[in-house]
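Worksheet for the structure shown next.
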Amino acid sequence: MERKILIVDDEAHIRMLIEQTLEELEDEDVEFLTAENGEIALDIIQKENPKLVFLDVMMPKMNGMEVCRRVKKELGLEDVFIVLLTAKGQELDRQRGQEVGADVYMTKPFDPEVLLKKAKEVLGIE
Amino acid sequence: MARVSLKNIAGKKNEVNAAILALINQLEEPTWIEDENGNPIAGKRHETSTSSYPVNLDNEIIGYVKGDAHAGTIANLLTHLVQKEAEKKKLGTEVLNLYQELNVIYNFSEQLTRTIEPDKIAQLTLEQAVHSIPSHSGAIVLWNEETKQLTIPSRSGETLFNEDRLRNNPGLLLKIGLSGQSEIMNDISQLKEKGIIEKDVQSLIYAAMKVKHRIMGAIILVGKDVEQYSAAHLKLLVTLALQSSTAIESAMLYEKNIREAREREEAMLRIHEVTKKFVPNEFIRSLGKETLTDVKLGDQVEKIVTVLFTDIRDFTSLSEKMTPEENFYFVSSFNARLGPIIRSNNGFINQYLGDSIMAIFPDDPVDALNAAINMQKEIHELNEERKKNHLHPIKAGIGMHTGSLIMGITGDEHRMDACTISDTVNTAARIESLTKYYRSPLLLSEHTLQYLNEENNFHFRHLGNVRLKGKNNLLNIIECINGFDDIQFEKKMQTLSLFNKAMNAYRDQQFETALQGFQTIHSGDPDDLTTIYFLDKTKKYLREGVPKNWSGAEEMMSK
């Protein structure tokens, strides 16, 4: 079965970092998709049906909270596992994250080991 | 770093894969792609291949394109793509390493802010260092400036250091810990020879811990592998060391501050213990404060109080007969007898002034009067003892006045004095000195009387008005007779109404009536000195007439 991970962040280096962090999953036939804003992300989610989404909260156009809310609440894609990412010091209310249906909430700079572990866990690898 | 695989580039459903497949399909000869082990990646495998073209990455074959000469072009293209992908990954890995480092430093800083114990910070630092820079053993050595000794607050991993030798070898630390340098040590043979590190140690890295230009010590890590440490490790260790140094310095300052604050508090407590003998707690409490240390310069409170002064009569002549030592002993024992009486009657001693005492009764004037009467009784007892020892009896005068009083702290920051500022104190002192004038042991002002509950067991003789020196208002002076010994008290009780009548006549300039009254009293109680005083006055006015504008008030020309 093909497994897809979508990485959504408006900063290119963060997308690259996450991809690099998850590099070893490539050998497990995991496909990486990226999006630089919320609108594109929403589009990809509907078309590609990724299993896991790393979603930055602070983004122009449509922020991560809104993307999450639409995916989970409006589109009813509850099986998409969403990890919300936000910068340290800008921690949003965890409750708000829960309200929009996020599965996990992480802060940046993230610990690469934690991120990889979470991805493996969600995808059922190892 | 995961290797770049041909499969990931050309074998998965992506743009490259689609383009390659389209290209292969256009070729006449069957062409396909295999990995280095011959597993198919893209295109249909054919048994009758003519040529095999390798795909290289860093001079290593990672796969083949098989087919005719066109396959060679595709192999070149793939080699190029693989190379690009490898470069991208390499860059990505480096950025990720930097990011990981950033994350380590970030988390480390966060942990440091939660710790205020120097040793704990050292432990935390070492744990972080060993975790981020894989090592077999590590230690933090700190130089204690006060004791001029090395301490090892933290160690980790295997026992590859000989702590005693490390501690007792400041020479090494001069090289490592106190040089302010950080390096990957190339030659560790000397350290092994001296037995400071174990024989199986192959690598050593250290970073100085310093704040500004002061060197505090070092973090030392050792490993059993050759060339275990890289320049990146050194950079990270230096960063950890610097952060840790600042945190340890702050923690030490904090500890020092706490210690000093505690010492100050203890010192203040001792001062408080001493000063409360001089500045009574009641005084401090009357300012609304708990302890002397809470009192600030300028703190004050205004209150209606009764001020009592007592003074040993003819103390000067009494003291002339005593040595300074005897004098001191006498005054101390006298005060020691009166102090408790004041305190047990809700009063407090504001000041000891040699042979006199100033006391304040903040609540009820009755307290002051009770205290005064008991003090007089105490003096009677003292005199009984003195009589047995063939000593002259002591006489003391007590005067009191009730009025508003400001109690507060004056002075400057270096010396604070509890003080009482008020005309009330002044007036009370003057009334006390009137006891000499009227030859009465206990006098009070009309103001004190006014505050007394009418139902009391005190008995008073009204001595008329006085005008104190420098004052405009007249002050009615009253004598309380309850303090006399039983015989004297009885005599005065019997003539009380006669005395007050005689005083009224005296004030109204009916000196004949007054004379009669005072003479009657005097004949029955020849020891009544106050009566003698007024008897003499009456006789004088009868003889000489009263001065012009005589109001009946005594004009006090001296203080």
Quiz item: Among the candidates B:Thr79, B:Thr93, B:Thr31, which residue alone is surrounded by 13 or more Cβ atoms within 10 Å (Cβ to Cβ), under 60 Å from the mean Cα position of the chain (by Cα) and either assigned by TED's automatic domain parsing to the domain that holds B:Thr239 or of a type in the set (Val, Ile, Thr) (or both)?
Solution: B:Thr93
Exercise. Starting from residues that are surrounded by 16 or more Cβ atoms within 10 Å (Cβ to Cβ) and over 13 Å from B:Thr93 (Cα atoms), keep the ones in the stretch A:16-34 and report whichever is farthest from the other protein chains (Cβ to nearest Cβ).
Key: A:Thr34
Practice problem: Please verify whether the stretch B:79-86 includes one or more residues that are within 14 Å of chain A (Cβ to nearest Cβ), in a helix (DSSP H, G or I) and out of contact with any strand residue (DSSP E or B) (no Cβ under 7 Å at 6 or more places or on another chain). | Solution: yes
Quiz item: Among the residues of the stretch B:460-504, how many are in contact (Cβ under 8 Å) with a residue 60 or more places away in the chain, of a type in the set (S, T, N, Q) and within 19 Å of B:Ala396 (Cβ to Cβ)?
Solution: 1
Quiz item: Going through the stretch B:26-40 one residue at a time, which ones are assigned to a strand (DSSP E or B) and within 12 Å of B:Ile74 (Cα to Cα)?
Solution: B:Trp32, B:Ile33
Quiz item: In the stretch A:104-119, which residue that is touching a helix residue (DSSP H, G or I) at 6+ places or on another chain (Cβ under 8 Å) and away from every other protein chain (no Cβ under 14 Å) is surrounded by the fewest Cβ atoms within 10 Å (Cβ to Cβ)?
Solution: A:Val104
Quiz item: Within the stretch B:204-219, how many residues turn out to be surrounded by 13 or more Cβ atoms within 10 Å (Cβ to Cβ) and farther than 20 Å from B:Glu101 by Cβ?
Solution: 7
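Let's see how each residue does on (1) outside any helix (DSSP H, G or I); (2) modelled with pLDDT of 90 or more:
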| position | (1), (2) |
| --- | --- |
| A:Lys4 | yes, yes |
| A:His13 | no, no |
| A:Glu31 | yes, no |
| A:Met59 | yes, no |
| A:Lys72 | no, yes |
Quiz item: So is B:Thr31 more than 14 Å from chain A (Cβ to nearest Cβ) and closer than 24 Å to B:Lys84 by Cβ or not?
Solution: yes
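Quick grid of which residues meet (1) more than 14 Å from chain A (Cβ to nearest Cβ); (2) part of a helix (DSSP H, G or I); (3) not basic (Lys, Arg):
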position	(1), (2), (3)
B:Gly63	yes, no, yes
B:Ile74	yes, yes, yes
B:Leu77	yes, yes, yes
B:Gly92	no, yes, yes
B:Val104	no, yes, yes
B:Phe108	no, yes, yes
B:Ile116	yes, no, yes
B:Lys120	yes, yes, no
Quiz item: So is B:Ile196 at pLDDT below 85 and surrounded by 15 or more Cβ atoms within 10 Å (Cβ to Cβ) or not?
Solution: yes
Practice problem: For residues that are out of contact with any strand residue (DSSP E or B) (no Cβ under 6 Å at 6 or more places or on another chain), modelled with pLDDT of 90 or more and surrounded by fewer than 17 Cβ atoms within 10 Å (Cβ to Cβ), tally how many sit in the stretch B:451-486. | Solution: 1
Quiz item: Is one or more of the residues making up the stretch B:122-137 touching a Ser or Thr at 6+ places or on another chain (Cβ under 9 Å), closer than 28 Å to B:Arg214 by Cβ and within 14 Å of chain A (Cβ to nearest Cβ)?
Solution: yes
Exercise. Considering only residues that are of a type in the set (S, T, N, Q) and either in contact with a Phe, Trp or Tyr (Cβ under 9 Å, 6 or more places away or on another chain) or under 20 Å from B:Lys395 (Cβ atoms) (or both), look in the stretch B:505-538 and name the one that is surrounded by the fewest Cβ atoms within 10 Å (Cβ to Cβ).
Key: B:Gln509
Self-check item: Sole residue being on the phi > 0 side of the Ramachandran plot and more than 14 Å from every other protein chain (Cβ to nearest Cβ), chosen from A:Asn49, A:Asn63, A:Asn37
Solution: A:Asn49
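The values are calculated or read from the model by the stated rules, or taken from the named source; none is laboratory data. Note that the coordinates shown come from a computational prediction; the quantities given were computed from them, not determined experimentally. All Cβ positions, even for glycine, are placed from backbone atoms using ideal geometry, and neighbour counts span all protein chains on display.
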